1. Going by the structure shown, is residue 157 in contact with a strand residue (DSSP E or B) (Cβ under 7 Å, 6 or more places away or on another chain), assigned to a helix (DSSP H, G or I) and either touching a residue at least 24 places away in the same chain (Cβ under 8 Å) or surrounded by 12 or more Cβ atoms within 10 Å (Cβ to Cβ) (or both)?
2. Does segment 166-176 include one or more residues that are out of contact with any helix residue (DSSP H, G or I) (no Cβ under 6 Å at 6 or more places or on another chain) and not in a helix (DSSP H, G or I)?
3. Can you tell me which residue among 79, 94 is in a strand (DSSP E or B), out of contact with any helix residue (DSSP H, G or I) (no Cβ under 8 Å at 6 or more places or on another chain) and farther than 16 Å from residue 18 by Cα?
4. Given the residues 48, 59, which is the only one that is part of a helix (DSSP H, G or I) and closer than 17 Å to residue 21 by Cα?
5. I'm trying to understand the selection: among the residues of segment 64-101, which are within 26 Å of the chain's Cα centre (by Cα), farther than 13 Å from residue 112 by Cβ and in contact (Cβ under 8 Å) with a residue 40 or more places away in the chain?
6. Being assigned to a helix (DSSP H, G or I) and either out of contact with any helix residue (DSSP H, G or I) (no Cβ under 7 Å at 6 or more places or on another chain) or on the phi > 0 side of the Ramachandran plot (or both) is the filter here, so list the residues in segment 201-222 that pass it.
7. Which condition number does residue 68 fail, the rest of (1) over 17 Å from residue 122 (Cα atoms); (2) at pLDDT below 95; (3) not in a loop (DSSP other than H, G, I, E, B) being met?
8. Within segment 113-126, which residues are assigned to a strand (DSSP E or B) and surrounded by fewer than 22 Cβ atoms within 10 Å (Cβ to Cβ)?
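The values are calculated or read from the model by the stated rules, or taken from the named source; none is laboratory data. Since this is a predicted model, take the numbers as computed values, not measurements. Note that each Cβ is placed from the backbone with ideal geometry, even for glycine, and that neighbours are counted across all protein chains shown.
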């Protein structure tokens, strides 16, 4: 007798994924309205691959939507999810919903579930509001990083400038630049080593500047900028 193995029915698999998604949404909503309610879980590997949102982020944004308005838009089974280094292959179900927030504004949200040991778990969740929050957070972090880098660069310039002025007090006539961008149009002459920066050398360059001359740091060398 030859026994043939039956492939899993895609409709059954989709039904299991939808049931798990519904349970996750119910737990997310309950966790934000009842103090003793347990938090729903998020797939650890999904959190490792997609670090821009935490499990808490996903729970809060899902719970902020009106569960009574959640309608399924599409369901599909995937063999892999993610791109490049974030791609993982296995058994996935991708579900998209059309929902509304408390103000009745339509919000699109999507969930990807991964099946391990014949059980689905929430792997990835995003919504319009969560995407907006992630983008805003990334912009703040980028701005903070840029500000920190500029502050560090300014601190290095101030330290070098202090050493130069201690060696040649006449250099004090030409202050360090503040948040200046070094361009060929603004720079007078070539870069100077710190030892070559003297009041005499800067006086010569200042004669070519009809604005104000200041000093900027480029690597370990000094640029005289007219701005």
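1. Details: in contact with a strand residue (DSSP E or B) (Cβ under 7 Å, 6 or more places away or on another chain): yes; assigned to a helix (DSSP H, G or I): yes; either touching a residue at least 24 places away in the same chain (Cβ under 8 Å) or surrounded by 12 or more Cβ atoms within 10 Å (Cβ to Cβ) (or both): yes.
The answer is yes for residue 157.
2. yes
3. Numbers: 94 fails: farther than 16 Å from residue 18 by Cα.
Result of the check over 79, 94: 79.
4. On the way: 48 fails: closer than 17 Å to residue 21 by Cα.
Going through 48, 59 in turn, just one is part of a helix (DSSP H, G or I) and closer than 17 Å to residue 21 by Cα: 59.
5. 64, 65 - these are the residues of segment 64-101 that are within 26 Å of the chain's Cα centre (by Cα), farther than 13 Å from residue 112 by Cβ and in contact (Cβ under 8 Å) with a residue 40 or more places away in the chain.
6. Initial filter on segment 201-222 (assigned to a helix (DSSP H, G or I)): 201-206.
Result: 201, 203, 204, 205, 206.
7. The one condition residue 68 does not meet is (2).
8. We begin by selecting, within segment 113-126, every residue assigned to a strand (DSSP E or B); these are 113-116, 119-126.
Matches in segment 113-126: 114, 115, 116, 119, 121, 126.
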